[in-house]
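Data block below; observations after.
The values are calculated or read from the model by the stated rules, or taken from the named source; none is laboratory data. Quick caveat, the model's predicted, so the values are computed rather than measured. Every residue, glycine among them, receives a Cβ derived from its backbone with ideal geometry; neighbour counts consider all protein chains shown.
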Amino acid sequence: MTRVLRTAIGVVVNAAVALMLGIGLLVEITHHAKYGHWIGYGWHGDVMSELAEDREVPPGVHYIQRAVILNFTPLPRLVEACIEPNDVRPHEIPVYPFRIEKLNNTDKQWVAWMPSRLPACLNLPVKSKIIWPVNSYSSMRVPVAAIAWFRKGDWIRFVGMSKVDKPDQLKREIISVPFQLQEERLKN
């Protein structure tokens, strides 16, 4: 009986390891096909640039960006979000904290766009959300080219944060892969 039990446990453990490796490989291949780079172990950030609908952006802007933050670790982690009430189910929308930065050409330092340094939630409630392994969450969508502070050719990155409006507390910051802004708002 003991030999049968050991064999069964060995089969289950090997199957679980093979399944985890298969899922990790699938995530890596899918990510590489979508973004053009491999994921390192840990938290990972990418920026998605999507064609916007006319009502989402000012005239002359065609694309809208958002950060996608992936938990590529074996453990779930908590991330705080501002909760906006909504009349549509599930009756609340989590808004995850982030900031937008651009590379300063003179000293090669990343500088945060001023409004993204301000408190995010104001009077909205804050809830912790569990981000499970191999799951992700997104920041708000932002038409970066519509912001006068950014210019075509600027190197930009999004920085996701694990805590909302708590500058004195230790928080995880997930920095996206930088991208070069390819669009400039057309003036009417």
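Quick look at the numbers
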{"quantity": "Qualifying position, being within 23 Å of E50 (Cβ to Cβ), modelled with pLDDT under 90 and in the same structural domain as R55 (by TED's automatic domain parsing), among V126, V95", "calculated": "V95"}
{"quantity": "Residues of the range 95-116 that turn out to be assigned to a helix (DSSP H, G or I) and either under 17 Å from the mean Cα position of the chain (by Cα) or closer than 17 Å to Q65 by Cβ (or both), as a count", "calculated": "2"}
{"quantity": "Selected residue (criterion: farthest from the chain's Cα centre (by Cα)) from residues of the range 150-188 that are of a type in the set (A, V, I, L, M) and at pLDDT 85 or above", "calculated": "L181"}
{"quantity": "Flag if H62 is touching a Leu at 6+ places or on another chain (Cβ under 9 Å), in the same structural domain as I156 (by TED's automatic domain parsing), under 20 Å from I130 (Cα atoms) and at pLDDT 85 or above", "calculated": "no"}
{"quantity": "For Y137: the one exception among (1) of a type outside the set (S, T, N, Q); (2) more than 24 Å from P178 (Cβ to Cβ); (3) part of a strand (DSSP E or B)", "calculated": "(2)"}
{"quantity": "Residues of the range 53-94 that turn out to be in a loop (DSSP other than H, G, I, E, B) and more than 25 Å from L122 (Cα to Cα), as a count", "calculated": "10"}
{"quantity": "Some residue of the range 139-148 being farther than 20 Å from M48 by Cβ and either assigned by TED's automatic domain parsing to the domain that holds R55 or in contact (Cβ under 8 Å) with a residue 40 or more places away in the chain (or both)", "calculated": "yes"}
{"quantity": "Residue within the range 18-39 that is of a type in the set (A, V, I, L, M, F, W, C), at pLDDT 85 or above, over 23 Å from S162 (Cβ atoms) and in contact with a strand residue (DSSP E or B) (Cβ under 6 Å, 6 or more places away or on another chain) present", "calculated": "no"}
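Residue-wise test of (1) in contact (Cβ under 8 Å) with a residue 60 or more places away in the chain; (2) closer than 25 Å to C82 by Cα.
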{"position": "P94", "(1), (2)": "no, yes"}
{"position": "I100", "(1), (2)": "no, yes"}
{"position": "A112", "(1), (2)": "no, yes"}
{"position": "P125", "(1), (2)": "no, yes"}
{"position": "S136", "(1), (2)": "yes, yes"}
{"position": "G153", "(1), (2)": "no, no"}
{"position": "G160", "(1), (2)": "yes, yes"}
{"position": "K163", "(1), (2)": "yes, yes"}
{"position": "K171", "(1), (2)": "no, yes"}
